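Report on one structure; see the data block that follows.
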Amino acid sequence: QQEALYGTARDNSALIMAGGPGKRLRPLTNDVPKPLLPVMGKPILERILEQLISSGISKFYISTCYMAEKIQSYFGNGDNWGVEIHYLQESEPLGTAGSLALLPSSGFSLPIIVMNGDLLLKFDIGKLLEFHEKQDAIATMCVREYEQQVPYGVVTSDGERITGVVEKPIHRFLVNAGIYVFEPRLVGHIEAGENIDMPKLLERPIL
């Protein structure tokens, strides 16, 4: 394999979903889309891009909606990073999975990496793709552990009789990390213009 800008080249494409309005971060996102908010002097989306490039990805699709022109103006066609960037323009919000239907209908033979455009995470793309292949999966979702501690002693009872007290127990859950690997054929199961979120897509019978 040839060497990419920072790592071993991969022929997989990546779709970064960057169309959300960032309502929970207002007023910070009144004039700037959330993916362009700076973290230590560099936009979140640029950090994502550089991480994917360092893993050998060189072909990108960025789905945009809210303040799309600012994202396109900043990243252009990807020449400044030595990669290829294409934009999928949502005329109206299509949910977290609807933009997949905007991908070209041909030209994909390898799994597609899909991730949210507001993540500050480090992960091993090589191991992720290897896991996806070994599972012979149509779709793979990355998860992370989330802990929630009850701030009180939790009482269990049998009728009026207390049977136990657990002081401030911690409950652990696996939550969606916003990173996926999809087989190209999955894209054909989303209709153009369909507003659909990832949970609904992953519940479809094809999976």
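Coordinate-derived values only; no laboratory data. The structure displayed is predicted, hence computed values, not measured ones. No Cβ is skipped: glycine too gets one built from the backbone with ideal geometry, and neighbour counts run over all protein chains shown.
Of interest is the spacing of the C-alpha centroids, which for the stretch 140-202 and the stretch 100-122 amounts to 23 Å. The relative contact order of the chain, computed from alpha carbon pairs under 8 Å that lie at least 6 residues apart in sequence, is 23 percent.
Comparing ASN80, ASN195, ASN116 in a Gaussian network model of the chain where C-alpha atoms under 10 Å apart are linked, the largest mean-square fluctuation is found at ASN80. Inter-label distance, THR156 to ASP11: 5.5 nm, where each label sits 7 Å from its Cα along the C-beta direction. Of SER109, SER99, SER58, the residue with the greatest mean-square motion in the GNM of the chain, using alpha carbon springs below 10 Å, is SER109. Per-residue 3J(HN,Hα) values for the stretch 145-150, derived from phi via the Karplus relation 6.51 cos²θ - 1.76 cosθ + 1.60 with θ = phi - 60°, read 7, 10, 10, 9, 9, 6 Hz in sequence order (x marks Gly and Pro). A compact globular protein would have a Cα radius of gyration near 2.2 N^0.38 Å; the ratio found for the stretch 60-123 is 1.17. Ranked by the mean number of other Cβ atoms within 10 Å per residue, highest first, peptides 186-193, 13-20 order as 13-20, 186-193.
Largest first and in whole Å, the equivalent-ellipsoid semi-axes of the chain read 35, 22, 19, each the square root of five times a Cα gyration tensor eigenvalue. A protection proxy built from the mean count of other Cβ atoms within 10 Å ranks the segments 67-78, 143-154, most packed first, as 67-78, 143-154.
Applying 1/(1 + (r/R0)^6) with r as the Cβ-Cβ distance of PHE131 and LEU174 and R0 = 22 angstrom yields a FRET efficiency of 0.90. In the frame of its principal axes, the stretch 94-207 has Cα extents of 65, 30, 28 Å, reported largest first.
Relative to the longest principal axis of the Cα atoms of the chain, the long axis of helix 125-134 lies at roughly 80 degrees. The magnitude of the dipole of the chain, with charges of +1 and -1 set on the Cβ of Lys/Arg and Asp/Glu and taken from the Cα centre, is near 400 debye. With a Cα cut-off of under 20 Å and a minimum spacing of 8 residues unless on different chains, the lysine pairs in the chain number 9.
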